[in-house]
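Note sheet for the following structure.
The values are calculated or read from the model by the stated rules, or taken from the named source; none is laboratory data. Just so we're clear, the structure is a prediction, and the values are computed from it rather than from any experiment. No Cβ is skipped: glycine too gets one built from the backbone with ideal geometry, and neighbour counts run over all protein chains shown.
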């Protein structure tokens, strides 16, 4: 999984490295803003993937593959409907969105809507593969997604399609991997559906699992929505409040920060289904051990990246953009620290979700609202915006460490 997600992130990085070099700063600012908007709107899709992973993992432990199949069919129909509805809404509001973000054409917004149509569906098969712990198949899908976007993005931009070509490559990458993942998932499920349980007695289908799935949607959806807002709302607001060239510089620095943010993703993708299975078996202490190991791995990844970012910010900027933009140096330093804190927090949030805790949602929600409000009030400079994010990231990390290890009376065993 580390290799697969690592290649996926590398291909995404190469995609952005190419775009930041071959697109003007203003157009790259457009692309990055659309990606931030995509991350926020696609929260329902991320919610579905996490939920599918949780329930498929739980059903697999009991060998209840009939419920796995029914769940996947139900959610595929649901998310196809949601995706089409979102596409229609974006299509109808394309002129207003283009004006708000200072785009010259509505075409970029329409392409975003088409991407979201597929992005709503693909988390269902991805979550199914993750829940079944078919990490090799899931990694293959991620690599194909990243490679398609990277190769076609280069071709379309060199031909002369500019930012429209960059967005078109993303659309085709999602279309291809949606169909590929559905085929692989179908091959991964047993044809007989129901498999006899470990006790020797086959389990009947329990219709109540559907209501349990929808009940689980709320904490997952709230968690991912808040996290996506925390890590993306800054770019959306900056695109509105600052000039296009300033937003472009901010986007270049943010790309370096997002590399750090996504470094622990393979750790989370492996950790979550395993923690879910352990929680279902009542093995809490083993779950805490896995969490500790996950945080240590993330510390190695993020700590190394932060060290390089603080010591050699100008070198990173030159590697990323091909030019040593001096305006980006202070922004890169802030981003390195902020995104590393958000990375650790993301791992802790997924631990809460695996144990079906709810108390963490209150501070998460209020800090998300607080960060957005403070950015709206204090945005005199780009560094001021990042300072607000840093304070929120530190508070959120501290609160979640307390909730995991101390709030319920548990102590960490060294």
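Among 100, 87, 135, 156, which is the only one that is surrounded by fewer than 19 Cβ atoms within 10 Å (Cβ to Cβ) and either outside the structural domain of residue 266 (by TED's automatic domain parsing) or at pLDDT below 90 (or both)?
Details: 87 fails: surrounded by fewer than 19 Cβ atoms within 10 Å (Cβ to Cβ); 135 fails: surrounded by fewer than 19 Cβ atoms within 10 Å (Cβ to Cβ); 156 fails: surrounded by fewer than 19 Cβ atoms within 10 Å (Cβ to Cβ).
One residue alone meets the criteria, 100.
Hey, any hits in segment 47-66 for a residue that's surrounded by fewer than 17 Cβ atoms within 10 Å (Cβ to Cβ), touching a residue at least 24 places away in the same chain (Cβ under 8 Å) and assigned by TED's automatic domain parsing to the domain that holds residue 123? So that I can check it myself, show each step before the final result.
Within segment 47-66, the first condition is being surrounded by fewer than 17 Cβ atoms within 10 Å (Cβ to Cβ), and the residues that meet it are 61-62.
Remaining after also requiring touching a residue at least 24 places away in the same chain (Cβ under 8 Å): 61-62.
Within this subset, residues satisfying the condition of being assigned by TED's automatic domain parsing to the domain that holds residue 123 are 61-62.
Yes, the conditions are met somewhere in segment 47-66.
Scanning for something closer than 28 Å to residue 248 by Cβ, part of a helix (DSSP H, G or I) and either without any contact (Cβ under 8 Å) to a residue 12 or more places away in the chain or in contact with a strand residue (DSSP E or B) (Cβ under 9 Å, 6 or more places away or on another chain) (or both), does segment 137-147 turn up at least one residue?
Step one: list which residues in segment 137-147 are closer than 28 Å to residue 248 by Cβ, which gives 145-147.
Add one more test, that the residue is part of a helix (DSSP H, G or I), and what stays is 145-147.
Still in the running and either without any contact (Cβ under 8 Å) to a residue 12 or more places away in the chain or in contact with a strand residue (DSSP E or B) (Cβ under 9 Å, 6 or more places away or on another chain) (or both): none.
No; the residues of segment 137-147 include none that is closer than 28 Å to residue 248 by Cβ, part of a helix (DSSP H, G or I) and either without any contact (Cβ under 8 Å) to a residue 12 or more places away in the chain or in contact with a strand residue (DSSP E or B) (Cβ under 9 Å, 6 or more places away or on another chain) (or both).
Would you confirm whether any residue within segment 250-257 is crowded, with 21+ Cβ neighbours inside 10 Å, touching a residue at least 40 places away in the same chain (Cβ under 8 Å) and not in a helix (DSSP H, G or I)? Before the answer, list the steps.
In the first step, residues of segment 250-257 are kept if they are crowded, with 21+ Cβ neighbours inside 10 Å; the result is 250-257.
Still in the running and touching a residue at least 40 places away in the same chain (Cβ under 8 Å): 250-257.
Those still in the list that are not in a helix (DSSP H, G or I) too: none.
No: segment 250-257 contains no residue that is crowded, with 21+ Cβ neighbours inside 10 Å, touching a residue at least 40 places away in the same chain (Cβ under 8 Å) and not in a helix (DSSP H, G or I).
Pick out the one residue from 399, 329 that is free of Cβ contacts under 8 Å to residues at least 40 places away in the same chain, assigned by TED's automatic domain parsing to the domain that holds residue 247 and surrounded by fewer than 16 Cβ atoms within 10 Å (Cβ to Cβ).
On the way: 399 fails: surrounded by fewer than 16 Cβ atoms within 10 Å (Cβ to Cβ).
Selected residue: 329, the only one of 399, 329 that is free of Cβ contacts under 8 Å to residues at least 40 places away in the same chain, assigned by TED's automatic domain parsing to the domain that holds residue 247 and surrounded by fewer than 16 Cβ atoms within 10 Å (Cβ to Cβ).
Can we say residue 76 is touching a residue at least 40 places away in the same chain (Cβ under 8 Å), surrounded by fewer than 20 Cβ atoms within 10 Å (Cβ to Cβ) and in the same structural domain as residue 51 (by TED's automatic domain parsing)?
Working: touching a residue at least 40 places away in the same chain (Cβ under 8 Å): yes; surrounded by fewer than 20 Cβ atoms within 10 Å (Cβ to Cβ): yes; in the same structural domain as residue 51 (by TED's automatic domain parsing): yes.
Answer is yes for this residue.
Kindly indicate whether any position in segment 44-56 is farther than 30 Å from residue 217 by Cβ and modelled with pLDDT of 75 or more.
Here is the first cut: in segment 44-56, the residues farther than 30 Å from residue 217 by Cβ are none.
No - not one qualifying residue is present in segment 44-56.
Just to confirm my filter: which helices (runs of 4 or more DSSP H) fall fully inside segment 284-385 and include at least 3 residues that are over 27 Å from residue 243 (Cα atoms)?
Details: elements: 284-311, 313-321, 329-354, 361-377.
In segment 284-385, the matching helices (runs of 4 or more DSSP H) lie at 284-311, 329-354, 361-377.
When you scan segment 306-330, how many residues do you find that are modelled with pLDDT of 85 or more and within 23 Å of the chain's Cα centre (by Cα)?
1
Failed condition for residue 103, given (1) assigned to a helix (DSSP H, G or I); (2) in contact (Cβ under 8 Å) with a residue 12 or more places away in the chain, with all others met?
The number of the failed condition is (1).
When you scan segment 35-58, how many residues do you find that are farther than 11 Å from residue 128 by Cα and in contact with a helix residue (DSSP H, G or I) (Cβ under 8 Å, 6 or more places away or on another chain)?
Taking segment 35-58 as the starting set, the residues that turn out to be farther than 11 Å from residue 128 by Cα are 35-47, 58.
Within this subset, residues satisfying the condition of being in contact with a helix residue (DSSP H, G or I) (Cβ under 8 Å, 6 or more places away or on another chain) are 36-47, 58.
Total satisfying the criteria: 13.
Is it the case that segment 304-311 has a residue that's without any contact (Cβ under 8 Å) to a residue 40 or more places away in the chain and surrounded by 14 or more Cβ atoms within 10 Å (Cβ to Cβ)?
If we filter segment 304-311 for residues that are without any contact (Cβ under 8 Å) to a residue 40 or more places away in the chain, which is where we start, we get 304, 307-308, 310-311.
Restricting the remaining residues to those that are surrounded by 14 or more Cβ atoms within 10 Å (Cβ to Cβ) gives 308.
Checking segment 304-311: at least one residue is without any contact (Cβ under 8 Å) to a residue 40 or more places away in the chain and surrounded by 14 or more Cβ atoms within 10 Å (Cβ to Cβ).
Based on this model, can you work out whether residue 273 counts as within 12 Å of the chain's Cα centre (by Cα) and surrounded by 19 or more Cβ atoms within 10 Å (Cβ to Cβ)? Break it down into steps so the answer makes sense when it comes.
Working: within 12 Å of the chain's Cα centre (by Cα): no; surrounded by 19 or more Cβ atoms within 10 Å (Cβ to Cβ): yes.
For residue 273, the condition - within 12 Å of the chain's Cα centre (by Cα) and surrounded by 19 or more Cβ atoms within 10 Å (Cβ to Cβ) - is not met.
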